Structure formats: C-alpha cells, structure tokens
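The values are calculated or read from the model by the stated rules, or taken from the named source; none is laboratory data. Note that the structure is a prediction, hence the values are computed from the model and not measured. Reconstructed Cβ throughout: ideal geometry from the backbone, glycine too, with neighbour counts over all protein chains shown.
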Amino acid sequence: MIDVKQIRQNPDQLRQAIARRGVDPELANVDRFLELDAKRRELQQEIDGLNAGKKELAQLGRTDPDAAREKGQQLREKGRELETALGQVGEQWQQILDWFPNYPHDEMPEGAGEPDNVEEGVWLPGSGYLPADQLGKGEHSAASMPAHPLHADGEFAPKEHHELTPLHGVDTLQASQVSGSRFTYLKGDVALLQYGLQQMLTNELIRRGYEMMVPPLLVRERTLYGTSHFPEGRDQVYAIETENVEDSTQLFLVGSSEPSNFSYFMDRTLQEVELPVKIFAFTTCFRSEAGSWGKDVRGIKRLHQFDKMEMNAVCAPDQSEDIYQEFGQINEWLLQELQLPYRMVDKCGGDAGYLASHRQRDGEVWMPGTGAYMEVMTDTNTTDYQARRMNIRYRPKGGGSLQFCHTVNDTGCAMGRMIIAIMENYQQADGSIRIPDALRSVVGKDQLTPSADPGSKGK
C-alpha cells in the first residue's frame, strides 16, 4: 500500500506508475479514488462535528431537558446515517487503493513484458562474464550461449529436462495417480540432490548471519493481503475448507515463505538498532497455476507443489537497496558455485511481478537442451509497500515519530527448477548426469546413472 498523503499531493506521479507497471486503470482509478477520498474526509468531518455537538447537549439539558432529548435523538439518527455512508464510501476507497502499485525505481526498464527486460550480466563457467556489448533486451544474449552442455565429455544433441527427469528418480506418473497433474515424487539420488542444494545455501546464509525460520504454511487472508498477493493474485492461491478448524477461519496455502516470514513482524514496532533483520526459510509451496494450463506440462518446471529457499529482510529505508543488491550477490554466488551458465535480468515495469514491486530482477539459467533461459530465482525490493499493509514500523534511534520499515525478498533457490537446470547442463551422451562438485559430498557420488526400470520413467 502506498502513502495516501503522497497520492493527494502528486496524483500524476501515481498515474505514471500505474501506466509504467501496466496496471488496469479501471481498477486503479486515480480520479475516482480522489473523489472518494474527498467525500470520505467530508463525511468524517461531519461525524466529528456531530460528536462535538453531543458535548453541548449536557449544557442544554440543564436548561431545557426536553429539547436536549429531541436534539440528542436527531444527532444519533444523523450519526447512524453518516457512519453508514462513510462505511460505503470507505469500502470503495479501499478497493481502489488496494490496486495501486508501488512506485517503480527510477532505473526500472520501460516495457510491457519479457522482451523488454534488460540483461544486467551474463556469466559462463570457464570464461566468466560476457562483454557489455553482447548484452541487451529480451533474449539478446542467447546467441552467445552454448548449444551443448558445458560439463559434458564431447558434443552431442542435448536432451530437454523432461526427457531426463524420468530416468533419474523423478516420477510424475505415479504422482498423477496420487494427486493429479503437476505433482511429482523425487526419490533416491535426485532427492539427495535437492537436499544438497538446501544444505549448501543454508550453510552460506548462516555464515552470513541470517537467521533460519520454520514458518506456517497455512495463513489467514490478512497475511496474503499484507504481502500484496491479494487481491491481485488470489486466483493463484489454494483456499482450504475450514469448517473443522477453530473459529472456521478461512486459511490459504502459501506460495512462498515470504507471507509467513514477514507476518512474523506484523503489527510490531522494532527499534532501529535491530535493523536489518535478515531471515530465511525452506518451505514447501503451493500454486494453482491458473492461466498456465497447457504451458510447461511436461517435467517438473511448473508444479502445483514445489520447494523453495526464500530470503527475507526487514530493514530501514536507507538499507533496502543495499540488501536488494546483497541478495543478488548471493544468487550469483550459488549459480557460480554450481558452475551453471546464467544471466541476471532487470525486469521491466510490465513484467515486474506483483503490485508491491519497486524493482525486481531474475536469475535465469541457460538450458542447452531447451535452447532458452529459465528463471530459477527472483529478487524484489518492495520498499514500504508491504510494511504499510502489515503495520511493520520502527522507532528511529535519534527519536521522533515511528517510521514504516522496508521489506526485501528473494527466491534464493527454486529447488525443482535448479535440479532440471543441473540436469540439462551436466548431462552426458549416455543419459547420465554429472554431479556438480559443490554437491558431491551430500549425494555421495559423482554422477547419476539413468534408470533401466521402465516403471520409473514417469511421463
């Protein structure tokens, strides 16, 4: 949520943000909001005036009790009318306010979608970063990326990930019998591969002073509203029937640990000396994938249930940009440790995720079998947008009024996607998968051998 005072003072700034982010101007209607805002303030002033009038009744009651009673009845009736009107106006006012996006960073690229995203850097194992003149928008650097797996012995036509996963302990066929489409089992060495990724990033974050969290996976509506996953992304969230739960409170399955982790600080006031607070969590996540039916149906790139490692920070306003960059550095550290070819992409206004985004970047791994980049991590600075909705504030160490915190979040590792990125880049001609050096101590071997059991091949 953005500052209402700022909207009143500079509505054109908000109009520009709405256009830049590609938000529907009918939902985010600035003119209508300002009309409702003026009416809301007018009604509140009338109510305040009535309340002041009630205080005068006591004095009138001493001289004319009958007149005081009649006047009191009139004030009560008028008050009820005004409160009803204020509630109706306030509801419309809030509905529009909820669709206003965060103000974009000055450097956020202009554009409507992926072709307008700007490459910040491209890195390849063995050769490092591509020169700046080989970077551009959209898929510009794809022409410079290898057609064959860099970690293979010799050149061959690489397979796509969905051809490799059934041979290495990824079973979507049995999962479809158990849960339906877009679910999977990981078993054996590929499950250890995921465990290795989790352990590797966990160790690094603890070394950096981050605190580990194990948050709830079922949350109330306010939590998802607070992070701005509601109302915009409501169709992506699984709602749980809760007649058999205390108070029959509606609950929802999270799509990341971000809502749960930030809600830990909801309605709290921190001391500035406590900031920044840096936390992380490994969670199983859920997403309906509404609007994605028929897209990425093979393999485990796009699932209803998936695991992620998420990094989150609650900080002071002057710290959020540095933390945003720090998260990006951790993303690159992980990809370089795994020796995966990747790029970092500065996302344009029309592709920058949910309404809370002030700026956002993706980490994308090059997939030689697929012949395209694939997103495996996302870094987002939401400034004070989420903190305003969640009422997360801090007390400045020099005194003065309470201030809203800033929040920054990062998908440090989308596990399923990172696994298939490793498979495509480390595949061998015989279908085996070399294990990245950084993960061998956990997996306990240096390669995955393809299964000969047709029953394990999934679909």
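See the values below:
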item: Residues located in segment 253-263, provided they are under 17 Å from ASP307 (Cα atoms) and not in a loop (DSSP other than H, G, I, E, B); result: LEU253, GLU258, PRO259, SER260, ASN261
item: Yes/no for PRO149 being at pLDDT 95 or above, touching a Gly at 6+ places or on another chain (Cβ under 9 Å) and either surrounded by 15 or more Cβ atoms within 10 Å (Cβ to Cβ) or of a type in the set (Val, Ile, Thr) (or both); result: yes
item: In segment 190-224, the residues that are touching a residue at least 60 places away in the same chain (Cβ under 8 Å), surrounded by 18 or more Cβ atoms within 10 Å (Cβ to Cβ) and not polar (S, T, N, Q); result: VAL190, LEU192, LEU193, GLY196, LEU197, MET200, LEU201, LEU205, TYR210, PRO215
item: Output for segment 184-211, where each listed residue is in a loop (DSSP other than H, G, I, E, B) and over 28 Å from VAL314 (Cα atoms); result: THR184, LYS187, GLY188
item: Selected residue [touching a Leu at 6+ places or on another chain (Cβ under 8 Å) and assigned by TED's automatic domain parsing to the domain that holds THR411] from HIS161, HIS168; result: HIS168
item: Leading residue by the ranking (surrounded by the fewest Cβ atoms within 10 Å (Cβ to Cβ)) among those in segment 328-350 that are closer than 30 Å to PRO25 by Cβ and in contact with a Pro (Cβ under 9 Å, 6 or more places away or on another chain); result: ASP346
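Yes/no matrix, rows are residues, columns are (1) surrounded by 17 or more Cβ atoms within 10 Å (Cβ to Cβ); (2) outside any helix (DSSP H, G or I):
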position	(1), (2)
GLN74	no, no
LEU86	yes, no
MET108	yes, yes
ALA157	no, yes
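Residue-wise test of (1) under 20 Å from GLN428 (Cα atoms); (2) among the small types (Gly, Ala, Ser); (3) outside the structural domain of ALA438 (by TED's automatic domain parsing); (4) touching a Phe, Trp or Tyr at 6+ places or on another chain (Cβ under 7 Å).
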position	(1), (2), (3), (4)
GLU155	yes, no, no, no
ALA175	no, yes, no, yes
VAL178	no, no, no, no
TYR185	no, no, no, no
LEU201	no, no, no, no
VAL214	no, no, no, no
VAL219	no, no, no, yes
THR223	no, no, no, no
ILE240	no, no, no, yes
